[in-house]
1. Which ones in segment 23-49 are open to solvent by 60 Å² or more (accessible area, probe 1.4 Å) and either over 11 Å from the mean Cα position of the chain (by Cα) or not hydrophobic (A, V, I, L, M, F, W, C) (or both)?
2. Would segment 57-70 turn up any residue that is modelled with pLDDT of 90 or more and in a helix (DSSP H, G or I)?
3. Looking at segment 38-65, I want the residues that are touching a residue at least 12 places away in the same chain (Cβ under 8 Å) and have a partner that is part of a loop (DSSP other than H, G, I, E, B) with Cβ atoms under 7 Å, at least 6 apart or on another chain. Which pairs are those?
4. Please state which one of GLY7, GLY27 is small (Gly, Ala, Ser) and at pLDDT 60 or above.
Amino acid sequence: MEPETFGGIAQPVGRRGVRAAPARLSGMKKLCETVGFLFCVLGIAGLLNEWFDRFRFLAVVRRLDFIGPYAIFVNIVLIVAGVAMMVAADRIEEQKG
C-alpha cells in the first residue's frame, strides 16, 4: 500500500488501509492561550507592583533576588512573551477530520 498524502505530507495508512486521522491541536491551543494569558497577568501585576507598590501577591519577579534592578525590564518581557504566545495560539488552525 502506498501512503496517502494530506497537504503534501505522507500520512500513515493503518493495517486495514484506512488513513490515520491528523492529530487535533485544540488542547495545545488552549494551553498556549492560558500560559500566554498568565504571562501577561504576571507581567502587568509586576509592573503595577514596581510603580504603585500594589499586587504584591502576583509579583513573582520581585521575589527573585538575582533579577534586582532589571525587574521592570523582565516584567515587560513577560508581557511581550505572553502576547506573542496568545497570537501564536490563534494562528494554530484546528484541523477538521
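1. Narrowing segment 23-49 to residues open to solvent by 60 Å² or more (accessible area, probe 1.4 Å): 23-25, 28, 30-31, 33-34, 37-39, 44.
Within segment 23-49, ALA23, ARG24, LEU25, LYS30, GLU33, THR34, ILE44 qualify.
2. yes
3. What qualifies is LEU42/VAL60; ALA45/PHE55; ALA45/ALA59; GLY46/ALA59; ASN49/PHE55; ASN49/ALA59; VAL61/ILE67.
4. After applying the criteria, what remains is GLY27.
The values are calculated or read from the model by the stated rules, or taken from the named source; none is laboratory data. Remember, predicted model here, so these are calculated numbers, not experimental data. Methodologically, a virtual Cβ is constructed for each residue, glycine included, from the backbone with ideal geometry; neighbour enumeration extends over all protein chains shown. The area values use the complete protein model at the heavy-atom level, side chains included, leaving out ligands, DNA and RNA. Shrake-Rupley method; radii C 1.70, N 1.55, O 1.52, S 1.80 Å.
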